[in-house]
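The values are calculated or read from the model by the stated rules, or taken from the named source; none is laboratory data. Here the structure is a predicted model, which means the values were calculated and not measured. All Cβ positions, glycine included, derive from the backbone under ideal geometry; neighbour counts span all protein chains shown. These area figures cover heavy atoms from the full protein model, side chains too; ligands, DNA and RNA do not enter into them. Shrake-Rupley method; radii C 1.70, N 1.55, O 1.52, S 1.80 Å.
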Amino acid sequence: MWPCGHIYLRDTGFDMLDKERMPVHVAIIMDGNGRWAKERGLPRLAGHNAGMKAMKKIVDHSDKLGIKYLTVYAFSTENWKRSIAEVSGIFKLLVTYVNSDLKELVENNVRVRVLGDYSALPKDAVKSLERTLRDTHDNTGLQFNIALNYGGRDEIRRAVVAIGERIAEGTLSPEDITDEVIARELYTGSLHADVPDPELIIRTSGELRLSNFLLWQSAYSELVFPDVLWPDFTPEEYEKAIADYQSRDRRFGGR
Ligand code: FPP
């Protein structure tokens, strides 16, 4: 382990990154599980299972790289349109993941948080999530945000409703609505998961869309689209995506 500014980059086996310019928050759209399975003549759930294994390695590697926040898009508000078998299979995987990995997450000082209204998930998934949130609550290492039943428009709509309620009860004036007032009401906001905007958003599988992910928070994110399906996204691919981010000139609308 060696110091590099405020980040401690542990031995990762790869050496292409500028340790001084690591992103604080990386968000990932884990796309391509279905195609990965189809290419192998396997059921879609086998793809999600392989996707879960890839996700575990990326959580572990984020911690090694000293990334402070990792957010993954695990289930969107639109994913309910998939077959019942696929939807319930994804939630079963979530329960399996939590049951097998909670101890390790706690030991590795990872704090898990959820973005999205997870109360709509099956009861056993809600129970597993609540145990995870509770058992990792005091951890101070990597914050691992799982976006579940998450949609960017739904998130903004909920913030608008909350702000409207404050106006109706007389505790907020319309002219006092700033970007910060809106941001704190989002799932990522200080009232909820308290996450800074992601500097880097990665979407695997070659699709070039945000698909309702972090619409407000992505205003100045750098987008990287590795041409590999999610189950094939290795720590090395991850470092390549971060190196791509580090090669960008970020101007935030200035010159
Ligand atoms: C997108 O691939 C992936 C998903 C909608 C599910 C993501 C789930 C996991 C990675 C595993 C489970 C982990 C948790 C935490 C629940 P796709 O199915 O849209 O792939 P396709 O575009 O190739 O069909």
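Structure above, values below:
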quantity: Calculated from backbone phi, Karplus (6.51, -1.76, 1.60) coupling profile of segment 219-231 in Hz, x at Gly/Pro; calculated: 3, 10, 6, 7, 10, 10, 10, x, 8, 10, 6, 3, x
quantity: Sum of -39500 (n - 2.57) over DSSP H runs of 4+, divided by residues of the chain (222 nm, nearest 500); calculated: -13000 deg cm²/dmol
quantity: Net charge contributed by nearby residues that have their C-beta within less than 14 Å of residue 167 (K/R +1, D/E -1); calculated: -4
quantity: Spacing of the two label points (7 Å from each Cα toward its C-beta) at residue 84 and residue 137, in nm; calculated: 3.6
quantity: Cα gyration tensor shape of segment 39-110, rounded if a/c is under 1.5, else prolate or oblate by comparing a/b with b/c; calculated: prolate
quantity: Accessible area in the full protein assembly, largest first, 1.4 Å probe, for 36, 216, 80, 230; calculated: 80, 216, 36, 230
quantity: Separation of the residue 228 and residue 161 label points, Cα + 7 Å toward Cβ, nm; calculated: 4.0
quantity: Whole-number accessible area per residue in Å² for the chain, which is evaluated in the context of all protein chains at 1.4 Å; calculated: 51
quantity: Exposed GluC sites (Glu not before Pro) absent - longest run of the chain, DSSP non-H/G/I/E/B, at most 16 other C-beta within 10 Å; calculated: 79-168
quantity: The chain: C-alpha gyration tensor shape, a/c 1.5 cut-off, then a/b vs b/c; calculated: rounded
quantity: Share of carbon and sulfur in the accessible heavy-atom surface of the chain [1.4 Å probe, %]; calculated: 51
quantity: Counted charge near residue 246, where neighbours are those whose Cβ lies closer than 12 Å (Asp, Glu -1; Lys, Arg +1); calculated: -2
quantity: Additional length obtainable on full extension of the chain from residue 106 to residue 42, 0.36 nm per residue less Cα span; calculated: 19.7 nm
quantity: Distant-in-sequence amide H partners of residue 136 (H built 1.01 Å from N, under 5 Å); calculated: 112
